[in-house]
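Here the structure is laid out as C-alpha cells; the discussion comes afterwards.
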Amino acid sequence: MQTNGNTILITGGGSGIGRELAHKWHDLGNTVIVAGRTQASLDETAAGHANIHTMIVDVGDADDLARFAKKVVEVHPAINVLVNNAGIMRFEDITEERELGDAEATIATNLLGPIRLIDGLIEHLKAQENAAIINVTSGLAFVPMPRTATYSATKAAMHSYTVSLRAKLEGKIEVIELAPPAVQTELTPGQSTREGYMPLDQFIEETMLGFTAEETPQEVLTQNVLFLRNAEAEGRFDKALEMTSKF
C-alpha cells in the first residue's frame with residue numbers, strides 16, 4: 001500500500017482505532033473519509049484536519065450500505081483504499097436459550113457489513129491505481145473468547161474471507177488484514193482503561209510501522225497479537241483458549 005496520495009475510506013472512524021488511523025494517514029498526506037453512525041463523533045475525528053471528511057452510514061443496515069456505497073463514490077470519486085474497521089462486540093451466554101438480537105447484530109455489522117461494502121465498491125476500486133482493501137479482524141479470529149463467541153466467529157470468518165479475497169484479487173487490488181490484540185478502546189464498557197490491554201497509542205504506532213514499510217505485509221500484526229495469531233501453528237492453541245476462556 002502506498003504511503004501517501006491515497007483517498008482512504010474508513011468505517012467506524014468516529015472513535016478508537018478508526019479515529020487514530022484516520023489521523024495518522026491524514027498526516028502522511030492522504031485524504032481520509034471517516035464514516036459511521038454518529039455525526040458528532042465523526043466531527044470530533046475531523047476537527048483540525050483539513051483533509052478528513054465525514055459521512056453517515058449504518059454498516060449493519062443493508063439498504064443504508066447500498067445507498068452509502070453509491071453516494072460516497074459520487075462525493076469522493078478518488079477513493080482507492082477501503083478500510084473495513086466498524087465493528088461491535090457483545091458479551092453472550094451461549095449455554096442456554098436466549099434472545100439472539102445481539103448475535104444477529106454482530107453478524108450484520110462485523111461480517112455482512114464488510115462483505116456488502118466490498119461488493120458495493122469493488123468495481124470502482126478495480127479501476128483505481130494503487131487500490132487496497134484493509135479488513136480489520138482480531139486476534140480472536142485465531143483463538144476465540146468464549147464469552148464473545150459470535151464476535152470471535154465473525155472475525156474468524158472475516159479472516160477467511162480476506163484470504164479468499166486476496167487470492168481472487170491478486171494483481172488488481174492489494175488486500176491487507178489488520179488483526180489487533182486486546183486494545184484499550186471503548187469497544188466494550190470499561191475497555192479503554194482495562195489493565196493488560198495494549199494502550200491505543202502504542203498499538204497505533206506499531207501498526208503504522210507495518211503500513212509505512214517498503215512493502216506492506218499481508219497481515220499487519222503487533223507483537224501483542226502473536227500469542228493468539230500463531231497459537232495453533234506453534235502447538236499452543238489449547239493453552240491460548242484456556243487463557244481467553246478466563247475473561
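The values are calculated or read from the model by the stated rules, or taken from the named source; none is laboratory data. No experiment lies behind these values; they were computed from the predicted model shown. Ideal geometry is used to build each Cβ from the backbone, glycine not excepted, and the neighbour counts take in all protein chains shown.
Applying the selection to segment 154-178, what residues are aliphatic (A, V, I, L, M), touching a residue at least 40 places away in the same chain (Cβ under 8 Å) and not in a loop (DSSP other than H, G, I, E, B)?
ALA157, MET158, LEU165, VAL175, ILE176, LEU178
Starting from segment 60-80, keep only residues that are closer than 26 Å to GLU129 by Cβ, then list their pairs with residues that are in a loop (DSSP other than H, G, I, E, B) and of a type outside the set (Ser, Thr, Tyr) whose Cβ atoms are within a distance under 6 Å, requiring at least 6 positions of separation or different chains.
Correct list of pairs: PHE68/VAL57; ASN80/ASN6; ASN80/GLN128; ASN80/ASN130; ASN80/ALA131.
With respect to the numbered conditions (1) farther than 26 Å from ALA103 by Cα; (2) free of Cβ contacts under 8 Å to residues at least 60 places away in the same chain; (3) in a loop (DSSP other than H, G, I, E, B); (4) under 18 Å from the mean Cα position of the chain (by Cα), which one is the sole condition not fulfilled by PRO181?
The one condition PRO181 does not meet is (1).
Go through segment 91-137 and count every residue that is surrounded by 12 or more Cβ atoms within 10 Å (Cβ to Cβ), outside any helix (DSSP H, G or I), at negative phi and not hydrophobic (A, V, I, L, M, F, W, C).
So the count comes out to 4.
Can you name every one of the helices (runs of 4 or more DSSP H) wholly within segment 190-247 that holds 1 or more residues which are basic (Lys, Arg), at pLDDT 95 or above and farther than 26 Å from ASN4 by Cβ?
Numbers: elements: 200-211, 226-229, 237-244.
Of the helices (runs of 4 or more DSSP H) lying wholly inside segment 190-247, those with at least 1 residues that are basic (Lys, Arg), at pLDDT 95 or above and farther than 26 Å from ASN4 by Cβ span 226-229, 237-244.
Consider LEU165 against the criteria (1) at pLDDT below 95; (2) of a type outside the set (Val, Ile, Thr); (3) crowded, with 19+ Cβ neighbours inside 10 Å: it satisfies all of them except one. Which criterion is unmet?
Going through the list (1) at pLDDT below 95; (2) of a type outside the set (Val, Ile, Thr); (3) crowded, with 19+ Cβ neighbours inside 10 Å, LEU165 breaks only (1).
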